[in-house]
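**Student:** Can you read through this structure? Questions will come right after.
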Amino acid sequence: MNHTRIVIPILIVLGLFACQNKPVELGTLEIDPYDRHVELRWNPSDAAVSYSVWVSLDGETFTPRGETTDTLYLDFVSDLGSDLKLSYQIRANRSQDTLVLASKETATRKMSDEELLDMVAYYTFRYFWHGAEPNSGMAPERIHLDGEYPDNDAHIVTTGGTGFGLFGLIAGIEREWVSREQGLARMERIVGFLEKADRYNGIWAHWIDGKTGKTKPFGKKDNGADLVESAFLMQGLLTVREYYKHGTDSEKVLAARINKLWEEMNWTWHTQGGKDVLYWHWSPEYGWDMNFALEGYNECLITYVLAAASLLTPSMRQLTTKAGQEMEVSKLII
């Protein structure tokens with residue numbers, strides 16, 4: 001398998017932001033070498049304006065690899081070859097001079113498919129753990145690595161993205177990248193936020209203000225319930241419920257709170273009064289003006305699966321059966 005094309009786009013997004021990894025003692029350099037890249041971490045120097053990363057293939061002649069104001073750097077080394085033996089230096093660029101802050105040797109290696117998946121799982125966990133909006137604990141709609149947000153939207157969170165991220169958090173707890181207590185506290189923060197956030201017949205909006213819980217319109221008429229994004233969120237929450245339902249007393253309480261949110265989702269409302277299809281959006285101001293029916297074999301399938309699994313009325317049974325038949329036809333066409 002050619003890992004390069006798969007790994008690099010993922011790591012640029014997941015890895016660069018996940019800078020709060022492991023504590024590093026002053027003057028030390030921690031390195032995680034992989035197949036095509038090397039992750040370097042070090043502690044800050046008070047006098048440093050920026051840091052330069054230097055590398056050597058022979059331990060004597062060093063060349064610059066990049067400059068950053070962060071204390072984490074991902075060095076993609078495909079241009080240097082493969083199965084490399086590397087010596088790194090981190091240099092603190094100060095106002096008057098440059099100081100070698102830390103140095104260390106390492107070696108890249110070919111990765112198995114299993115190692116690749118482990119690495120992606122780890123970076124994914126770090127993205128959702130360290131990148132979470134502070135108040136809600138949920139996934140931001142966007143993360144700007146330079147910290148500049150022209151639209152002042154760093155605090156806007158996404159319901160669907162959070163649902164996907166919950167799977168990564170559970171993986172992190174299971175692999176002990178954080179303690180079970182830390183994981184539970186994060187899940188409690190997310191669920192507590194969702195309990196108070198705007199809902200419309202039990203359905204959340206696509207975007208929510210992470211500070212206030214108020215809906216952030218996705219568009220002029222898309223300023224209310226988003227059934228598909230809420231389905232993405234709930235599939236993650238139901239996984240959390242199953243993970244905790246036989247756990248400690250605190251974990252069981254959280255599972256019950258999630259179950260209440262699940263039971264409060266009114267799927268029938270999104271049939272526009274009993275039509276044989278689910279509709280994506282509802283607005284408290286514009287009603288059903290978006291009029292987007294969920295049809296075909298696509299990402300919206302989970303919405304029908306959850307609707308079928310909810311506390312069904314006969315009309316919902318008929319709807320999900322018809323939708324399932326149509327999706328099977330669409331699948332054959334595709």
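Derivation of every value follows stated rules applied to the coordinates shown; laboratory data play no part. In this text, all values refer to a predicted model and were calculated from it rather than measured experimentally. Every residue, glycine as well, gets a Cβ built from its backbone with ideal geometry; the counts of neighbours run over all protein chains shown.
**Student:** Given K221/K260; K196/K260; K220/K260; K211/K245; K221/K275; K211/K252, which pairs have Cα atoms separated by over 23 Å?
**Tutor:** Values: K221/K260 28 Å; K196/K260 13 Å; K220/K260 30 Å; K211/K245 29 Å; K221/K275 21 Å; K211/K252 27 Å.
In this structure, K221/K260; K220/K260; K211/K245; K211/K252 lie more than 23 Å apart at Cα.
**Student:** Another question, if that's okay. By the gyration tensor of its Cα atoms, with a ≥ b ≥ c the square roots of the eigenvalues, what is the shape of region 42-98: rounded for a/c under 1.5, prolate for a/b over b/c, or oblate?
**Tutor:** Taking the square roots of the gyration eigenvalues as a ≥ b ≥ c, region 42-98 is prolate.
**Student:** Let me ask something else about it. Provide Rg and Dmax in Å for region 71-120, with only Cα atoms included in the calculation.
**Tutor:** According to the Cα coordinates of region 71-120, Rg and Dmax are 14.7, 47 Å.
**Student:** If we sort 89-99, 177-187, 225-235, 118-128 on the protection proxy, mean other Cβ atoms within 10 Å, highest first, what's the order?
**Tutor:** Numbers: 89-99: 14.8, 177-187: 16.5, 225-235: 24.8, 118-128: 20.0.
Put in order of decreasing packing, that is 225-235, 118-128, 177-187, 89-99.
**Student:** Can you tell me the order of 161-167, 145-151 when each peptide is scored by its average per-residue count of other Cβ atoms within 10 angstrom, highest first?
**Tutor:** Listed from highest to lowest mean packing, they are 161-167, 145-151.
**Student:** Let a ≥ b ≥ c be the square roots of the eigenvalues of the Cα gyration tensor of region 182-321; is it rounded (a/c under 1.5), or, if not, prolate (a/b larger than b/c) or oblate?
**Tutor:** Details: a/c = 2.29, a/b = 1.36, b/c = 1.69.
Since a/c reaches 1.5 but b/c is at least a/b, the shape of region 182-321 is classed as oblate.
**Student:** Projecting each Cα onto the charge dipole of region 86-184 (Lys/Arg +1, Asp/Glu -1 at the beta carbon, about the Cα centre), which of A102, G172, P150 comes out farthest on the positive side?
**Tutor:** In region 86-184, that residue is A102.
**Student:** Could the peptides 102-110, 130-138, 250-258 be put in order, highest first, of the mean number of other beta-carbon atoms found within 10 Å of their residues? List each step's numbers first, then the result.
**Tutor:** Working: 102-110: 15.7, 130-138: 19.2, 250-258: 17.6.
The packing order, highest mean first, is 130-138, 250-258, 102-110.
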